[in-house]
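Accompanying notes for the structure given below.
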Amino acid sequence: MGARAERLVTSGKFRLDGGSWDVDNNVWIVGDDTEAIVVDAAHDADAIADAVGDRRLTAIVCTHAHSDHIDAAPDLAARTGARILLHLDDRLLWKQTHPDRDPDGYLSDRQRLDVAGVELTVLHTPGHTPGAISLYAPGLGTVFTGDTLFAGGPGATGRSYSRFPTIIRSVRDVLLTLPPDTVVRTGHGESTTIAAEAPHLPGWIARGH
């Protein structure tokens, strides 16, 4: 089979600001039958490694550094030799979960990553966290948005390091400029499209979401 995006749902805890919540996360595996990258290594390195199988894992890309999106990353990296990549602006959040292990590299806006003949462009989409990124794969007609954009609205901005006006700018000025038929593959829940979400932007702004 050619390049594709596969979803694995894992369950665990999200911890921040002294609280802890049960969450289900989407782990995205992007690649073909030979090589792949993982987008957000959440909760269960065993399950992710099983889903990757005998493919060469070239990178573990973190859309942001909330604990539920990165807790399994070091274990998965140790098993596979894949590099963990994160935007530098989320380094402080990363250290809250992994104080003794740094990412292997830092992502920058418009950086290009390649896997299985597919080019993915890093889009810096802060607001949910300072270093939140999305990964746009035009060849697959999809964008991986982490917790920046969901089916029904932007991600939450009620906790430390998050800001509502910033996430609205990221959604309006970056994500909603992508082709309308682009599939939005999110960090939690079901996928949507740019066309389905764009009409709701004024309402999100008015409600302060």
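We did not get these values from a lab; they are worked out from the coordinates using the rules stated. Remember, predicted model here, so these are calculated numbers, not experimental data. All Cβ positions, glycine included, derive from the backbone under ideal geometry; neighbour counts span all protein chains shown.
Provide the FRET efficiency to the nearest 0.05 for the Ala195-Ala47 pair, computing r from the beta carbons and using R0 = 25 Å.
Numbers: r = 32 Å, r/R0 = 1.29.
That pair, Ala195 with Ala47, gives E of 0.20.
Which value, to two decimals, describes the C-alpha radius of gyration of the stretch 85-209 once divided by 2.2 N^0.38 Å?
Numbers: Rg = 14.4 Å, N = 125, 2.2 N^0.38 = 13.8 Å.
Working it through for the stretch 85-209, the quotient is 1.05.
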How much net charge surrounds Thr186 when only other residues with a Cβ under 11 Å from its Cβ are counted (Lys, Arg +1; Asp, Glu -1)?
-2
Around Asp89 (Cβ within 13 Å, Cβ-to-Cβ, excluding Asp89; K/R +1, D/E -1) the net charge comes to +1
Ranking Ile167, Leu140, Leu88 by how far each Cα lies towards the positive end of the charge dipole of the stretch 60-181 (+1 on Lys and Arg Cβ, -1 on Asp and Glu Cβ), the top one is Ile167
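How much net charge surrounds Thr145 when only other residues with a Cβ under 13 Å from its Cβ are counted (Lys, Arg +1; Asp, Glu -1)?
Numbers: positive: Arg185; negative: Asp40, Asp147, Glu190, Glu197.
Charge balance near Thr145 sits at -3.
Based only on the alpha carbon positions, what is the Kirkwood hydrodynamic radius of the chain, in angstrom?
When all Cα pairs of the chain are included, the Kirkwood radius is 16.8 Å.
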Would you please report the Å³ per residue occupied by the convex hull of the alpha carbon atoms in the stretch 143-209?
77
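Order of Trp28, Trp204, Trp21 from fewest to most other C-beta atoms within 10 Å? List each step's numbers first, then the result.
On the way: Trp28 22, Trp204 18, Trp21 10.
The order, fewest Cβ neighbours first, is Trp21, Trp204, Trp28.
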Ranked highest first by the average count of other Cβ atoms within 10 Å around their residues, in what order do 88-94, 196-202 fall?
88-94, 196-202
